[in-house]
Every structure is written in C-alpha cells, then in structure tokens.
Amino acid sequence: MQTYEVTDAANHNRIDVTAEGDILVSGQQGFAWVTADGTQRDPHTGTSTDAVNCAALDSEGNVWLASSNEGLLRYSPGCFASPNLAAGLADMDINAVTAAGGRYYAAVNQGLLAFDSDWQPVSNKLTQALAGIHVQSLMTDSRGRLWCGTYSELGLVRYDTGGGEIVFFNQSNGLGSTRIRVAFELRDGMVAVRTQDGLALIRGDEVAAFYDKDSGLETQSILCIVQAPDGTLLAGSAGSGIYALAQDGSITKFSYEQGLEDGVVLRILQEEDGRSAFASAGSHLYYWADGTFRRLDGLRIGPGSIFDLYERDGKLWLLQDSGIYALDKARILAGETPHATQCGTARGLTGSLRVNTCNYMAPDGSLYLATRNGVSVFDFREISAPMPPLVINSIRVDDRTYESPERLTLGSDARRMTTRFSALTYSGATDLCIGYQLVGFAKAKAYTVGSWLEVWMENYAKIKLRPSTYKTSQGFLKNHIKPQIGSIPLADLTSLDLQRFYKHLLDGGRVDRVEAKKKPKGLAPKTVRNIHQMIGSAYNLAMEQKLVSKNPTQGCALPKVEHKEMKTLTADQLSAFFQEARDSGVYELYYLDLATGLRRGELLGLKWTDVDLDRGVLKIQRAISRQNSKVVEAPLKTKNAYRTLPLSADAISVLKMQKCKIGNSEWIFPSPAGGPMSPDSVLHMLQRVLKRAGLPRIRFHDLRHTFATMALQNGVDVKTVSSMLGHYSAGFTLDTYAHVTTDAQLKAAQTMGNILSRAV
C-alpha cells in the first residue's frame, strides 16, 4: 500500500484518478494534485480557501474544478518560470542568456547584463568593458569561462570568471571580421567561431585555423556549429546547406543534391551515434542518415522557422516564435503523425522566441530562453496536451468554394487557395496555432518575386550586408520591386520583364512620397544597377535552392553610369585651405585626412587607442555613420579597409597638438557632447572653410582623391596607394585614377625618349 501526504485539501470531498495514474483530491479547503510517482504538483490554484467538490483532467492537461462559491474553474499548469520582474528584463529584447561563475548573464544590443543567483543586477569588469557594446552571443566553456560575441571592434571577448582576466580576439590577433555570431567549444578545448568573413578555430590565445572561400567554404554566413563523435565539424549556413569540416581539413557540402531542400540551416541536433542528426532548415525539420536528408512532414506545429532543437525523454523539442512543441521522436521517424504538445504564453512563456539567439541548458536540465521580453526558464516537464481535433469547414480554390470536403485534388492551373477550419480547444483560441502546407506542389509556385526577395532579405541580406546597405535594399523592395513585379511567380519572371521594369524606373520610377520632388522623375542609372544586382543575388540563391533553373538578370542591358567629375585641391590651393582651417579651429582634422586619405567615417571613427605616436602608426578599425538619425559605430566597408598606416613626422606633431587640444576624450575628433562627430557636421564645416578661403566647392570624398592624386603624381607606386586607401585591389585604384597614371606614363615615356636621344 502506498501512502500520500496531501497538504492543501483537508477534509476531502472526492478523490479522482486519471488514466495516467494521477490523483486529483478535492477538499473543503481547496485542491491537490498528486502525480503517479507520488509528487505533489502545483497545489496552489488560487482556490485554497474555497471548497472544491470535484476535479477532472481534460485532454489538453487542464484541470477543471467545481467549487462551491466561484463556480467552474480551469487550472492550466505552467511550465515556464520568469526572473524578469526581479532582473528588470520584462521589456528587453534578449540576444543570448547563459550562466558562468555563479552569475547569470544576458546579452542585449546595448551591452552585457549580469545577475546574482536571485537575479538581482550586479556589475563586474566584464559588464563595464562591454557597456554600450552590441553583444550578440554568449557561450560558457568547460572551464567556466564566458565567451561573448560582439558586433564591435572588440570582436570575441573571453572572460575568466575566477581571476577576472579579459582577453579580446579581433583583427589584431588574426580573427578577421569583428562581427561574431556563433561560438562553440570543441571536445579538445578549441573554440569554433563564426565571423562575418568565415569560420575560425581558436586554441589557447591564438587563432589556429581559418576557413573561408579559399578553403572551400563557399559561404561565410554560418548560423550554427556542432561536432560529430569523429571530430568532424558540422556548420549550418545561411543559404548553402551544411558543411562538414573533417579533421584533415577537407570540406564536404550537403545541400539540395543530398535532399536538403532548404539552404538556411538554423540548428543541427547531433544524435549520440554520430551517424545521424536532425536539422531545422527554413520552416522544415530534416533527418540526416547515411549521407542523405529526409524531410519530416506532418509535424502539426505552428507555421514559420524552427529556431532551435533539443532531445529529451524520447521527445524532440522544437522552438518557434510562438513557443515550444514536444513531439514523439519514434513516431516522427516512423513517418507517423506525432502527438504534439505546445508550450507557449498560456503555459507562462513571457515573450515570443527569436531566431539566431543563444539559449542556455542548465546542469539541472532547465532551459533558459532569450525572448523579445526578457528571459523565460523552461523545465521540460511533459504536459499532456494533444492537438485538438480539426474540422475543415471549407476550401476556396480561385473562384469556387468546396464545403466540408473529405478529399480535394487541385489542378495545375490553381493559383489561389484559402482554407477555413475549426478546432475544439479548452485553452482558448489565442493559444491555438495551426498551420498547413501543400505537399507535392511545385516549390517555386509557392513564391512570388516579392515573397522570395523577402526571404532573401531576412536570411541572407540581413546577415551579409552592412546595416546602411540593408536599409537601402529594404527601400528598393518596398518602393519599387514589390509594387511593379512583386506579384509575378518566381519562376515566371523573364529578362524582358526586368528590361521593362528598369525602363520604368529610369523614366519615372521615383516615389514622390519618399524622395525629394525637386529631383528628376526617373531613378539614377546607378540606383537601377543596384536594384538589378539585388534581384540577381536573390535569384542566385533561388538557383542554389533549385527553385528556378536560370537567373533572369543575366543578359539584361543596363544603363551606363555617368561618373561625377573628380575634383581635387591643387598644391597652391592647399595653402589657402590650411590657413582658413587653422583660423576655424579644424586644421588638425583636415590635415590628417589629407595626410592619410581616410574615408570620412574612418576619420571620425579614430580613437586614441588606435594610434601609436612613438612608433608612428595608425590603425583603422571602425567607422562612424548616421543610421536612423543616430550617430553610431559601424564596421568598415570591406576587409581591406581594416589596415595600419604609417604617419609622417608632421602628422605625428599634428596629432600631439590635437591631444593637448581635446583633453581626455577617447575620440581623436570628438563632438562637443563628448562622443564621435557627426559625418554631416564635418561636411558642413568643410564647405564653410572652402567658402571663406575663396576655393571652389568640393565633396569631402574629394579630399581623399586629393591625397591619392598627389601621391601618384609624386612617384608613389599604385599598389602602395591602393593599400593605404583600403581598396580591394590595385586594379580598382588604377581604374579610379587612370588620368593620373596616364600622365605619369607619358612623363616616363618622355624621360626615356630624352635619355635615348642623348645616347644616339
């Protein structure tokens, strides 16, 4: 005989036993719930002082109570805990969460937050070092050290929670790009890191290996990393499937040919046997075995992408924006429709889940989730809540409606379908999330040009492009592409369609409500070419995914771009310019730019930590730009833009003068408020100096042209000038300054002619 001690239901009225063996005890002072293993579950229902006459458990895990004074009550047991109120995270968008050294950590766009065991905010050396920095990812290694991936010049930050040591991995020690999204500890203690330029392996304090396009890694956008038992790294990419990086350095790609129809792989769940894995790609779940992928359909989960995957107690746990779904693994692999249990806001989830976040699995099995509204803690306990029965009320295909159809076959000419269905749920309509899909219908038919461009924007451009370029591309899609060609099926777009579209943009494509009405009605040729390039990139991805067989942008005739005349200051004009700059108090700013050829954003992004006055070198590591009306730090334009420049003796003297002039600011050229200067302000300042000096109006970028022109005219070789300017190739420099090099060649020819004439 088993004896149970029940604490909350004194003076028992009734005892009910469920099919699962749970015991529901109704009493004069409330209700108690004892599970089959003898555990008393969540007895505090809010009715502890009211008599409960009887209780019943429904198919969705809700307990229904018949009370004496409050009528019929429903108790829905929760599976989430929330530390947000204590931590002050209720309204914060969290990128990552973890625990290390007895502290909880939450990554946000404005820094790193730390909390004690009771989720009370604390501060330490790491949070102070990352104040105001965009922290994207967190990882705690086997030694208890915390790794922080940032979107800043700091790069990857490692923190020793015991000794407090902070180590930075960035371009100074070979990491490459400083936009860090993923960090994963390997079994030998190495750390695999995804940067914007590729995949790096860190051993100790050094970058031991780096994989990029030259190594066989076709894409540099890696979204997830796991390690197989044999040491092979499996890297899920943003558009190209999965790459297997063997220990001998070889790389194997798995994509459409192996059955992986979706190239955007968000998560990989490696099975213990090492020969199989689950992968979430796009909005689908795949099973990988024997080198091929099998798409697992009929999961009965919500629409949208699967953000994360876990396996526990014979179940797969799938994370979507609406919550967590628990599915029977055996039924999934057997091709059967699995029992689906949804855990979302009705079960205590504080906010919707997000893609590309870093969640934390605690030693006790609790899962700490980064959400749009703080942190939620999931305890993985099973809640028996099967999907409620569905009834299809009607299906409308084009202009015809079918009432309660048992079976319906669609013809190849069907273009639009709408389904109306109902479901009986005890939890309320807001908790119900049901999606449907067409199985066996041509994939390309599911996308229009507009919808595919949106997919490309979210899963590729958002990761690949700079924030300013991404915002511009959003404008192209919203204002031009979608209104004109967005409704065309993806596979039906032709080169002729594009040619007509480009002509429309050139003739009268300007959007009056967005662009200034004083400008011409048509878009500039360069803008049209940028839109063409955007569409071409999206179709290249569609070809990789086998959605289309060809790219309609190929073969299009594009408008010629008229290059603006390059204006430079002459040696004689520089004297007047510098004199007025001195009088205006901005001599140091413009002297340094003319001495180095820096881009405007690069010049304003300089900090005193970037300059070594004793050695006479200057590191270019960041830029300043204006985004959404705010002056912010931004990554440099290209990989080659990260460079170290020598300084002349005069430039060093000018910088020393500037240091004495501004005092303790971290910025070499600070604004009056103490932060970096606005790019707009230095341009306005330039125009005032030019006007007062009686010089012609030029762009700020023309100061960079002045540097390059004078350097080439005075014998500096093209390759040196190219590296100083941060160009991606010397060929580009040659094309840009062809007029200067042509003059130099003519002078060289004349010099050789004179030499030879004297020898004859």
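Brief remarks follow.
- If you go through segment 473-494 and keep only what is surrounded by 15 or more Cβ atoms within 10 Å (Cβ to Cβ) and of a type in the set (S, T, Y), you end up with just S473.
- One residue alone among L598, L636 is touching a Phe, Trp or Tyr at 6+ places or on another chain (Cβ under 7 Å) and part of a loop (DSSP other than H, G, I, E, B), and that residue is L636.
- For segment 662-705, a residue qualifies if it is of a type outside the set (A, V, I, L, M) and more than 21 Å from R622 (Cα to Cα), and the qualifying residues are G663, H684, Q687, R688, K691, R692, G694, P696, R697, R699.
- The residue that is farthest from the chain's Cα centre (by Cα), counting only those in segment 339-352 that are hydrophobic (A, V, I, L, M, F, W, C) and buried (at least 22 other Cβ atoms within 10 Å of the Cβ), is C343.
- Comparison of G605, G536 shows that the only residue that is in contact (Cβ under 8 Å) with a residue 12 or more places away in the chain and either surrounded by fewer than 19 Cβ atoms within 10 Å (Cβ to Cβ) or of a type in the set (A, V, I, L, M, F, W, C) (or both) is G536.
Yes/no per residue for (1) in contact with a strand residue (DSSP E or B) (Cβ under 8 Å, 6 or more places away or on another chain); (2) hydroxyl-bearing (S, T, Y); (3) at pLDDT below 90; (4) in a loop (DSSP other than H, G, I, E, B):
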site	(1), (2), (3), (4)
R331	no, no, yes, no
E336	no, no, yes, yes
T341	yes, yes, yes, no
A346	no, no, yes, no
D364	no, no, yes, yes
Y368	yes, yes, no, no
P386	yes, no, yes, yes
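- Candidate set: segment 243-264, residues that are surrounded by 15 or more Cβ atoms within 10 Å (Cβ to Cβ) and free of Cβ contacts under 8 Å to residues at least 40 places away in the same chain; chosen: the one farthest from Q545 (Cα to Cα): A244
- Scanning segment 631-675 for residues that are of a type in the set (D, E) and closer than 17 Å to Y587 by Cα yields a total of 1.
- Of all residues in segment 676-697 being aliphatic (A, V, I, L, M) and more than 38 Å from the chain's Cα centre (by Cα), the one that is farthest from V586 (Cα to Cα): L695
- Of all residues in segment 169-186 being buried (at least 17 other Cβ atoms within 10 Å of the Cβ) and outside any loop (DSSP other than H, G, I, E, B), the one that is modelled with the lowest pLDDT: Q171
- Residue match in segment 625-636 (condition: surrounded by 20 or more Cβ atoms within 10 Å (Cβ to Cβ), in contact (Cβ under 8 Å) with a residue 24 or more places away in the chain, among the aliphatic types (A, V, I, L, M) and in contact with a strand residue (DSSP E or B) (Cβ under 9 Å, 6 or more places away or on another chain)): yes
- Residue in segment 398-414 that is within 30 Å of L89 (Cβ to Cβ) and modelled with pLDDT of 60 or more present: no
- Subset of segment 560-607 that is in contact with a Lys or Arg (Cβ under 6 Å, 6 or more places away or on another chain) and in the same structural domain as F700 (by TED's automatic domain parsing) - its residue that is farthest from T736 (Cα to Cα): E580
- Here the condition is being of a type in the set (A, V, I, L, M), more than 17 Å from I222 (Cα to Cα) and either touching a residue at least 12 places away in the same chain (Cβ under 8 Å) or part of a loop (DSSP other than H, G, I, E, B) (or both); of I301, I306, it holds for I301 alone.
- Some residue of segment 265-283 being under 19 Å from K546 (Cβ atoms), touching a Pro at 6+ places or on another chain (Cβ under 8 Å) and not basic (K, R): yes
- Verdict on T736 being modelled with pLDDT of 85 or more, of a type in the set (V, I, T) and out of contact with any Pro (no Cβ under 7 Å at 6 or more places or on another chain): no
- Residue in segment 199-213 that is surrounded by 17 or more Cβ atoms within 10 Å (Cβ to Cβ), over 23 Å from F307 (Cα atoms) and either in contact with a Pro (Cβ under 6 Å, 6 or more places away or on another chain) or of a type in the set (F, W, Y) (or both) present: yes
- Residues that are in contact with a strand residue (DSSP E or B) (Cβ under 9 Å, 6 or more places away or on another chain) and among the aliphatic types (A, V, I, L, M) number at least 3 in the following strands (runs of 3 or more DSSP E) confined to segment 218-289: 222-227, 233-237, 242-245, 265-270, 276-281.
- Residue in segment 84-100 that is modelled with the lowest pLDDT, counting only those that are in a loop (DSSP other than H, G, I, E, B) and among the hydrophobic types (A, V, I, L, M, F, W, C): A90
- Yes/no for G144 being of a type in the set (G, A, S), at pLDDT below 90, over 19 Å from the mean Cα position of the chain (by Cα) and part of a loop (DSSP other than H, G, I, E, B): no
- Selected residue [at negative phi, touching a residue at least 40 places away in the same chain (Cβ under 8 Å) and of a type in the set (G, A, S)] from A183, A208, A129: A183
The values are calculated or read from the model by the stated rules, or taken from the named source; none is laboratory data. Here the structure is a predicted model, which means the values were calculated and not measured. Glycine also receives a Cβ, built like all others from the backbone with ideal geometry; neighbour counts cover every protein chain displayed.
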